[in-house]
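Participant: Starting off with a structure, shown below.
No value in this document is a laboratory result; all are computed from the given coordinates. Just so you know, these numbers come straight off a predicted model, no measurement behind them. Ideal geometry is used to build each Cβ from the backbone, glycine not excepted, and the neighbour counts take in all protein chains shown.
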Amino acid sequence: MILERQNVINLKKLQSQLGGLENRPRIDELAKLLKMFQLYQSGQREISTKLENLDAEFQVNFDYNPIHHMESRMKDMQSLLQKAELKGYDLTADSIQKNIYDIAGIRVITNYVDDIYSIEKMLTKQTDVTLLRRKDYIKHPKESGYRSLHIVVKVPVFQSDGPVDVPVEIQIRTVGMDMWASLEHKLRYKTDANKELVDKYGDQLKNYSDELEQIERGMQDIHKNLI
Ligand code: GTP
Ligand code: MG
């Protein structure tokens, strides 16, 4: 099952949304950005299909699904341009494509920790998928307690005039890691001052993340003993 969070965009809507940016891209550049968006969305679909196929194959071979569910999202154009501006990149399609890797994103939620690495392995060994970046926040959790495996892969998208490689960011995490991350994210938004959350509850949140890790490892052991 894939939950898609997608905004419909067109040039007119986009121009009116971008009022707040200091250096608004020119209209011809915006048209290029929209084309790029469409391309990235295709890349996202290519990878989603690959992941669904792997999950289905598992079901047939082992009567077990490593993937609990998936979510896909395209970064909306406004936050993409804001991010580019903040990081000091030119607001052009070329520069954004070169510097920002999370335009197309897929989140894969697995049942167990080991499923994370087997999905990564099965996906990246496919001959048309190339690993570009990898951050393992499970082996090295963030100070907040955040745990997840982040990879960026590139995949060819076949357009009318030939293939174009497109990067897709994939965050792979267990149901427990996802539960922690989504609640912690909401708590951050609730507090105007991020610092207050960290000062008052930072340790507690980190401890909960550690506890969840223990629980998940324990439940994985039970699962392994039963199969
Ligand atoms: P940017 O994408 O430019 O921010 O840099 P990056 O790719 O180096 O960042 P990172 O690897 O930290 O991944 C960013 C994404 O990870 C965020 O959009 C969140 O989805 C998630 N993330 C990172 N840290 C935390 C955290 O402490 N709490 C939660 N809930 N999510 C986090
Ligand atoms: Mg990122």
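Participant: Please compute the net charge surrounding Met77, taking Lys and Arg as +1 and Asp and Glu as -1 over other residues with Cβ under 11 Å from its Cβ.
Facilitator: Numbers: positive: Lys13, Lys75, Lys83; negative: Asp76.
Every neighbour counted, the sum reads +2.
Participant: Calculated FRET efficiency, Phe62 and Ser182, Cβ-Cβ r, R0 30 Å, to nearest 0.05?
Facilitator: Working: r = 28 Å, r/R0 = 0.95.
Result of the calculation: an efficiency of 0.60.
Participant: Given Leu86, Val198, Tyr208, which one lies farthest toward the positive end of the charge dipole of the chain, if we put +1 on the Cβ of every Lys and Arg and -1 on the Cβ of every Asp and Glu?
Facilitator: Among Leu86, Val198, Tyr208, the one farthest towards the positive end of the dipole of the chain is Leu86.
Participant: Let me ask another. Asp221 to Lys35: extension gain in nm, 0.36 nm per residue of separation minus the Cα-Cα distance? List each step's numbers first, then the result.
Facilitator: Working: separation 186, 0.36 × 186 = 66.96 nm, distance 4.72 nm.
So the chain would gain 62.2 nm between Asp221 and Lys35.
Participant: How far apart, in nm, are two points set 7 Å out from the Cα along the Cα-to-Cβ line at Ser95 and at Arg24?
Facilitator: Here the modelled spin labels are 1.8 nm apart.
Participant: Another question, then. Would you please classify the overall shape of the chain from the alpha carbon gyration tensor, given that a ≥ b ≥ c denote the square roots of the eigenvalues, rounded means a/c under 1.5, and beyond that prolate means a/b larger than b/c while oblate covers the rest? If you can, show how the numbers build up before the last one.
Facilitator: Values: a/c = 2.44, a/b = 1.29, b/c = 1.89.
It comes out oblate by the Cα gyration axes.
Participant: To the nearest 20 Debye, how big is the dipole of the chain about its Cα centre, given +1 on the beta carbon of each Lys and Arg and -1 on that of each Asp and Glu?
Facilitator: Values: 33 positive and 35 negative charges, 123 e Å.
In debye, rounded to 20, the chain gives about 600.
Participant: Given the Cα-Cα distance of Asp210 and Glu52 and 0.36 nm per residue of separation, how much length would full extension add, in nm?
Facilitator: Working: separation 158, 0.36 × 158 = 56.88 nm, distance 3.00 nm.
Roughly 53.9 nm would be gained on extension.
Participant: A follow-up question, please. Gaussian network model of the chain, Cα springs within a sub-10 Å range: biggest mean-square fluctuation belongs to which of Phe62, Phe37, Phe158?
Facilitator: Ranking Phe62, Phe37, Phe158 by mean-square fluctuation puts Phe62 first.
Participant: Percent relative contact order of the chain, based on C-alpha pairs within less than 8 angstrom and at least six residues apart? Mind dumping the intermediate values first?
Facilitator: On the way: 300 pairs, mean separation 44.3, N = 227.
Across the chain, relative contact order equals 20 percent.
Participant: Taking a 27 Å limit on the Cα-Cα distance, which of the listed pairs Lys13/Lys135; Lys154/Lys195; Lys87/Lys200; Lys13/Lys142; Lys87/Lys142; Lys13/Lys50 fall beyond it? Kindly include the intermediate steps, with their values, before the conclusion.
Facilitator: Values: Lys13/Lys135 35 Å; Lys154/Lys195 36 Å; Lys87/Lys200 30 Å; Lys13/Lys142 37 Å; Lys87/Lys142 21 Å; Lys13/Lys50 32 Å.
From the list (Lys13/Lys135; Lys154/Lys195; Lys87/Lys200; Lys13/Lys142; Lys87/Lys142; Lys13/Lys50), the Cα-Cα distance tops 27 Å for Lys13/Lys135; Lys154/Lys195; Lys87/Lys200; Lys13/Lys142; Lys13/Lys50.
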